[in-house]
1. Starting from 0.36 nm per residue, how many nanometres of slack lie between residue B:62 and residue B:10 once their C-alpha separation is accounted for?
2. Which distance in nm do the two modelled labels at residue A:44 and residue A:193 give, with both placed 7 Å along the Cα-to-Cβ direction?
3. Taking one equal scatterer on every alpha-carbon of region A:21-102, how large is log10 of I(q)/I(0) by Debye at q = 0.10, 0.15, 0.16, 0.19 1/Å?
4. What ranking of A:207, A:61, B:202, A:184 emerges when the number of other C-beta atoms within 10 Å of each C-beta is taken as an exposure proxy, fewest first?
5. Per residue, what volume in Å³ does the convex hull of the Cα atoms of region B:107-189 enclose?
6. Starting from one equal scatterer on each C-alpha and no solvent at all, send me the Debye-based log10 I(q)/I(0) for region A:94-135 at q = 0.22, 0.27, 0.29, 0.30 Å⁻¹, two decimals.
7. For n ≥ 4 DSSP H runs only, could you compute -39500 (n - 2.57) per run for chain A, divide by its residues and tell me the 222 nm figure to the nearest 500?
8. Pop the C-beta distance of residue B:24 and residue B:280 into the FRET formula with R0 = 22 Å and round what comes out to the nearest 0.05.
């Protein structure tokens with residue numbers, strides 16, 4: 001038995017190593033490609049760069065509007081995540097802790113929205129935003145983003161709040177604290193872990209999002225990073241400026257890598273739990 | 001609790017009403033309005049919406065491209081379910097049962113593509129498939145298979161299958177971790193008992209591991225189906241925009257083209273209704289097919 005295990009362990013390592021290479025190799029060369037000149041990319045696309053040059057980053061940053069789109073993406077990500085919390089925390093508390101008629105129904109309504117293909121709603125949403133003067137507007141997009149992540153956030157926050165002991169709220173109520181005070185001073189601080197998980201997940205989602213931005217934003221100065229990169233990618237078919245494209249991809253991926261490095265466990269937990277809801 | 005009913009209701013309203021209003025306006029209303037639009041011929045200018053009854057639905061059934069978009073979506077569903085489930089089950093078992101020292105490394109690496117933007121994944125793979133510079137063709141040349149090289153994304157036959165690999169590549173990590181969660185909950189005593197009975201590792205996998213992680217497998221399959229039917233158009237839009245010659249159009253990318261490129265908003269909404277119905281029906285059928293008594297030993 002033991003001998004067989006050592007043998008099969010070696011065999012099993014081969015596919016594991018191959019898959020690791022399949023994941024890391026393209027990402028690794030994308031980063032290296034960002035530092036290569038176009039001539040070098042053509043001569044030796046998958047080799048090491050001869051010298052590290054930042055000219056691709058400069059080109060992407062100043063000639064392809066990446067600076068403005070990074071700014072827009074930060075706004076959308078920050079505002080979207082904040083709005084989601086402002087909506088989700090009070091509702092999650094009420095759904096989890098307060099008894100009222102329709103509680104189950106409302107919870108089910110929010111949760112089932114996670115399974116509905118939103119693409120049908122995007123056509124009317126387009127015209128709604130137009131009427132509200134929020135089309136081609138990063139604040140409008142932030143609101144749409146925030147509402148789109150509401151079901152997931154409520155799902156995670158309610159299950160988290162269920163673990164907070166009720167006695168703390170009861171004691172505070174006896175001391176004369178208002179329900180608003182209990183929500184703000186007791187429940188919210190005790191839910192920090194859940195709130196952080198939800199916020200990181202939402203931020204990654206908003207930072208990466210592409211399709212809603214494609215529909216709801218039109219002018220270049222409002223582009224988020226995903227749209228700006230897509231724009232460069234379409235240009236690359238004619239300009240062949242792969243280096244610039246790679247540089248913009250690296251700019252898009254660095255914040256995600258940083259978040260992943262810091263919050264790896266939380267992100268993994270948030271995503272697997274978010275998937276299990278179905 | 002010293003709290004009047006009025007105060008309680010006021011607090012309840014404070015918690016629920018603003019959120020629900022925004023949810024209703026930005027999620028519920030658009031969905032129902034989408035259903036409503038599907039009965040109109042409409043190019044965007046609000047005064048020109050013309051009620052056409054079921055005309056859009058008739059058009060849907062006579063549109064030659066629609067059946068191929070449905071087929072493309074289900075092709076992606078089937079290939080992704082098999083590709084992702086086989087690989088992630090294998091990796092999950094390997095990383096939990098084989099006592100591999102560097103398992104955390106694989107876990108971290110395999111999961112990373114799950115949090116990359118579809119735009120980044122799509123563009124990265126467009127470069128991998130690039131006919132002259134890409135890794136696939138240069139790899140084939142390297143091992144002497146020049147005849148297999150082709151413009152992967154530019155070929156009507158190969159463009160759609162080429163979209164499967166990036167999706168599997170990006171999806172493995174999440175499902176592997178979900179299955180690993182299931183496997184680590186299986187009590188060691190089952191394996192010890194199986195070993196005493198002389199079961200091989202292969203038999204242990206089929207008789208112990210697989211039945212006991214069935215709930216996780218079922219959730220994973222449903223999740224792949226839902227996310228593919230509701231979101232496959234994103235990678236299509238980034239990598240091929242439905243081309244060449246409509247050979248990669250899925251339902252969502254065709255909706256986008258009809259509504260937001262050709263301004264047939266009514267018809268686009270009809271395609272949206274079709275996506276909604278197909279994805280709900282598929283999930284219900286799969287839930288029925290995969291129902292299975294919970295296994296307890």
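1. Numbers: separation 52, 0.36 × 52 = 18.72 nm, distance 5.40 nm.
Roughly 13.3 nm would be gained on extension.
2. Rounded to a tenth, the inter-label distance reads 5.0 nm.
3. -0.52, -0.74, -0.78, -0.92
4. On the way: A:207 24, A:61 18, B:202 8, A:184 14.
Least to most surrounded, the residues fall as B:202, A:184, A:61, A:207.
5. Values: hull volume 11.6 nm³, N = 83.
In region B:107-189, the Cα hull volume divided by residue count equals 140 Å³.
6. -0.75, -0.84, -0.90, -0.93
7. Working: 13 runs with 207 residues, N = 278.
Value at 222 nm, helices only, nearest 500: -24500 deg cm²/dmol.
8. With a Förster radius of 22 Å, E is 0.60.
Only the coordinates and a few stated rules stand behind these numbers; no lab work does. Just so it is clear, the structure is predicted and the values come from calculations on it, not from any experiment. No Cβ is skipped: glycine too gets one built from the backbone with ideal geometry, and neighbour counts run over all protein chains shown.
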